[in-house]
Amino acid sequence: MSKRPEFGTGPHVLEADGIRLAFDSRPVLADVYLRVQSGQIVGLLGRNGSGKSVLLQTVFGARAVPDASVRVNGCYVAPAFRVPGLVNYLPQASLLPPYLSIRQAARLLRVDPEKATASFPDLRQQLHCRPGELSGGSARLLQVLLLLHADTAFSLFDEPFSGIMPVHVETLADEMRQTKLRKGLLLTDHRYAEVLPLCDVVYLLRQGRLLKLEGDFETALRDYGYLAS
Ligand SMILES: Nc1ncnc2c1ncn2[C@@H]1O[C@H](COP(=O)(O)OP(=O)(O)OP(=O)(O)O)[C@@H](O)[C@H]1O
């Protein structure tokens, strides 16, 4: 039924639809359709509990949802994380094993840690540290950088800016703009002021439906009650 996707130089299109999910008969996602392509940063916004994290988990394949269809270049992938070079994912919680230094974790991901931290001189002093020895913000930033620099067609980030100080958020946003030249990024984060200028496409998850915002994103977010009017 399903063919394995071809991963050449791209561009690639990642699509997910038919995603319906309920907890204790309480609907969270109702037939969601999502699309990300190489060269794009796609933002996913929504109120607390609207289902952003479970949607990212479903696209990545960490959460099995019956009838969910996740496709790359039109070919079904289930789960997506099993396809070499397709996608990596940063969950809300820490990703890195506590017993590995950042340098060792980078080696596992086949990332050059010096290159990944080139724009963050203070982080380069900390590559020998294990996650538990780092501040929360530094640990978060290092994880985002490792996944950005890993050689996958797509990266999914659940709250990549969480705990990161403003001056580094700006530099990280620039890194993401550079990275989208070679991959597609899907991110969710409540720091909308940083997210909106970064994104080519913005979705709002609302009452289980995914709305693709048109026109001025901030105005639309006020109209839908995600931002105070
Ligand atoms: N394993 C689970 N069992 C029951 N309910 C769950 C489970 N996982 C998530 N939920 C519920 O699903 C809904 C969506 O959760 P999710 O974590 O995806 O929200 P979110 O949009 O990422 O929220 P936030 O912005 O607060 O991070 C919430 O109401 C949550 O309580």
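Readers should treat all values here as calculations from the given coordinates under stated rules, not as data from a laboratory. What you see is a predicted model, and the numbers here were worked out from it, not measured in a lab. With ideal geometry, Cβ positions are generated from the backbone for all residues, glycine too; neighbour counts draw on all protein chains shown.
Put +1 on the Cβ of each Lys and Arg and -1 on the Cβ of each Asp and Glu in the range 14-160; which of His128, Val65, Ala78 then has its Cα farthest toward the positive end of the dipole?
His128
For the Cα atoms of the chain, what angle does the longest principal axis make with the long axis of helix 136-149, in degrees from 0 to 90, nearest 10?
Compared with the principal axis, the helix lies near 80 degrees.
What is the helix-to-structure angle for 166-179, meaning the angle in degrees between its Cα long axis and the longest Cα principal axis of the chain, kept from 0 to 90 and rounded to the nearest 10?
70
In whole angstrom, how far apart do the alpha carbon centroids of the range 108-164 and the range 172-228 sit?
22
Where Lys and Arg each count +1 and Asp and Glu each count -1, what net charge lies around Pro197 among other residues with Cβ under 14 Å from its Cβ?
-4
In nm, to one decimal, how far is the modelled label at Thr171 from the one at Ser94, with both set 7 Å along Cα→Cβ?
My value for the distance between the label points is 2.2 nm.
Sticking with the crude label model, points 7 Å out along Cα→Cβ, report the distance from Glu15 to Arg206 in nm, one decimal please.
2.5
Measure off 7 Å from each Cα along the Cα-to-Cβ vector at Ala22 and Asp67, then give the distance between these two points in nanometres to one decimal.
Taking the simple label geometry, Ala22 and Asp67 are separated by 1.0 nm.
Just need the relative contact order of the chain here, percent rounded to a whole number, with Cα pairs under 8 Å and 6+ apart.
For the chain, the relative contact order is 27 percent.
Applying 1/(1 + (r/R0)^6) with R0 = 30 Å to the Cβ-Cβ distance of Asp216 and Arg182, what FRET efficiency is obtained, to the nearest 0.05?
Between Asp216 and Arg182 the formula returns 0.55.
Once you have the Kirkwood Rh of the chain from its Cα pairs, apply Stokes-Einstein at 37 °C and 0.692 mPa s and quote D in µm²/s.
It comes out at roughly 181 µm²/s.
Taking the Cα centre of the range 52-148 as origin and charging only Cβ (+1 Lys, Arg; -1 Asp, Glu), how large is the dipole, in debye to the nearest 20?
Rounded to the nearest 20 debye, it is 120 debye.
What is the spread of the Cα atoms of the range 1-131 along each of their three principal axes, largest first, in whole Å?
Largest first, the range 1-131 extends 48, 37, 25 Å along its Cα principal axes.
Stokes-Einstein at 37 °C, 0.692 mPa s, Kirkwood radius from Cα pairs: D for the range 124-208 in µm² s⁻¹?
Estimated diffusion coefficient is 238 µm²/s.
Can you pull out the trypsin sites (Lys or Arg not before Pro) in the range 75-146 whose DSSP state is coil and whose Cβ has at most 14 other Cβ atoms within 10 Å?
Within the range 75-146, the qualifying trypsin sites (Lys or Arg not before Pro) (loop, at most 14 other Cβ atoms within 10 Å) are Arg110.
Using the beta-carbon distance between Tyr33 and His190 and R0 = 25 Å, what value does 1/(1 + (r/R0)^6) give for FRET efficiency, to the nearest 0.05?
Step by step, r from the Cβ atoms, then E = 0.65.
Taking every Cα atom in the range 82-166, find the radius of gyration and the maximum pairwise distance Dmax, and write them in Å.
Using the Cα atoms of the range 82-166, the pair Rg, Dmax is 12.0, 35 Å.
Only four residue types carry charge here, +1 at the Cβ of Lys and Arg and -1 at the Cβ of Asp and Glu. Report the dipole size of the chain about the Cα centre in Debye, rounded to the nearest 20.
Dipole size: approximately 600 debye.
Neighbour counts of other C-beta atoms within 10 Å: give me His190, His12 arranged from fewest to most.
His190, His12
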